[in-house]
Amino acid sequence: MTERQFVEMKHAGWERLSSLLDRASTTDGLRRLSREELKDITPLYRRVSSDLAMARTRSLSPDLVEHLNYLTARAQAQIFTGHRSENPLQSVWQFYAYDFPCLIQKQYRYFLVALGLSILSAFYSYWLVMHHPALTSNFIPRQFASSVKVWKSGKVSSPASALFSGELMTHNITVSIMVFLGGILGGIPTFAMLFQNGAVLGALTALVTQVHKNGSLWPGILPHGIAELTSIFICGAAGFRLAVGMLLPGCYTWVDSFKRAGYDAIQMVLGVLPMLVFAGLIEGMFSHLNISPVIRLLFAGLNGTFWYLYLFLPRKAPAQLKYPAETVNLNGTSR
């Protein structure tokens with residue numbers, strides 16, 4: 001049996017199980033399902049577990065194994081710990097403490113693409129502006145001219161402003177969502193926005209370097225910029241994940257591939273919301289205060305270390321997501 005024949009034979013059962021799990025993923029959990037649907041879900045789980053074992057034994061495509069593994073884990077979470085969805089606060093905590101960072105680690109290649117593209121565009125614009133200042137307008141829009149003058153003057157101190165923080169949060173969230181949504185158009189807008197974002201930073205750095213004001217630039221950007229830029233990279237990764245899911249469905253149907261990619265991408269965007277709120281608060285309330293640049297850079301180093309450890313430090317699954325084979329059988333009863 002070929003992989004395509006295997007998928008065609010088993011696909012209907014996988015879709016049925018996925019549909020039931022989608023319905024049970026609300027605060028009502030399994031109680032939302034009818035009696036007949038509850039009777040179906042355990043046999044479907046047993047079948048997909050068997051399909052997963054077969055896919056691994058036959059060394060089928062990694063994407064297929066990953067999909068079946070994910071579907072099996074979702075079924076386990078509902079069948080064996082359905083009570084978990086009854087506590088919204090616990091679900092939110094688990095998402096941010098475990099699900100979101102694990103998803104970023106799983107999709108790290110897309111994150112590296114977004115990060116690498118931004119870095120390359122920053123170096124490209126920096127080099128051009130340093131050697132050809134007349135090209136500055138190609139990278140920095142005219143509406144930023146007044147901001148550029150402030151950065152070049154080195155006089156960037158300003159009092160804390162809660163109103164400004166709110167405006168920054170709204171702006172950053174809007175930009176991040178636009179970067180993500182660019183994936184729907186094949187990732188081209190996502191690519192363009194990431195390139196432009198990096199190019200603006202690179203060109204600004206060149207202009208400030210020319211007047212020897214880097215000592216005021218980085219203490220004014222890094223305290224909030226690490227979280228803000230990382231959020232944009234993650235949303236860029238979400239956009240690329242969505243684009244690849246649409247353009248390269250692999251052994252799945254286009255709809256299935258789009259659903260899987262969309263599910264991952266949306267979770268990635270939701271996960272960065274606390275980071276964007278943090279960045280807005282810090283930029284409006286701390287980054288530009290008239291305090292020692294050393295203190296601001298130290299703060300930037302500490303929060304940067306925190307965010308990247310949070311995102312990329314490997315972690316174990318919470319106790320409620322562990323299902324030891326020796327303690328649980330396929331009927332959902334303890335041995």
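Being of a type in the set (Ser, Thr, Tyr) and either at pLDDT 90 or above or in a helix (DSSP H, G or I) (or both) is the filter here, so list the residues in segment 71-107 that pass it.
Across segment 71-107, the qualifying residues are Thr72, Ser85, Ser91, Tyr96, Tyr98.
What are the residue pairs meeting all of these: first residue in segment 144-160, first residue touching a residue at least 12 places away in the same chain (Cβ under 8 Å), second residue among the hydroxyl-bearing types (Ser, Thr, Tyr) and surrounded by 12 or more Cβ atoms within 10 Å (Cβ to Cβ), Cβ atoms under 6 Å, and 6 or more apart or on different chains?
From segment 144-160, the pairs are Gly154/Ser216; Val156/Ser216.
Residue check: is Tyr110 part of a helix (DSSP H, G or I), surrounded by 14 or more Cβ atoms within 10 Å (Cβ to Cβ) and touching a Lys or Arg at 6+ places or on another chain (Cβ under 8 Å)?
yes
When you check Glu15 against the structure, is it modelled with pLDDT of 75 or more, more than 18 Å from Gly262 (Cβ to Cβ) and in the same structural domain as Arg56 (by TED's automatic domain parsing), yes or no?
In short, no.
I'm trying to understand the selection: among the residues of segment 303-318, which are surrounded by fewer than 16 Cβ atoms within 10 Å (Cβ to Cβ) and either among the small types (Gly, Ala, Ser) or within 13 Å of Ile282 (Cα to Cα) (or both)?
Within segment 303-318, Ala317 is the sole residue that qualifies.
Just to check your reading of the model, which residue among Gly182, Gly166 is modelled with pLDDT of 95 or more, in a helix (DSSP H, G or I) and of a type in the set (Gly, Ala, Ser)?
It is Gly182.
Quickly run through segment 101-157 and pick out the residues that are of a type in the set (S, T, N, Q) and touching a Gly at 6+ places or on another chain (Cβ under 9 Å).
Matches in segment 101-157: Ser118, Ser121, Ser125, Ser157.
Among the listed residues Thr42, Thr57, identify the single one that is at pLDDT below 85 and more than 26 Å from Leu103 (Cβ to Cβ).
The match here is Thr42.
If a residue must be surrounded by fewer than 15 Cβ atoms within 10 Å (Cβ to Cβ), closer than 11 Å to Leu201 by Cβ and more than 27 Å from the chain's Cα centre (by Cα), how many such residues does segment 118-140 contain?
Count: 0.
Yes or no, residue by residue, for (1) farther than 21 Å from Leu229 by Cα; (2) among the β-branched types (Val, Ile, Thr); (3) in contact with a helix residue (DSSP H, G or I) (Cβ under 6 Å, 6 or more places away or on another chain):
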site	(1), (2), (3)
Lys106	no, no, no
Gly116	no, no, no
Leu120	no, no, no
Tyr124	no, no, no
Thr136	yes, yes, yes
Pro141	no, no, no
Ser147	no, no, no
Ser153	yes, no, no
Gly166	no, no, no
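The values are calculated or read from the model by the stated rules, or taken from the named source; none is laboratory data. Please read all numbers here as calculations on a predicted model, not as lab measurements. Note that we place each Cβ from the backbone using ideal geometry, even for glycine, and neighbour counts take in every protein chain shown.
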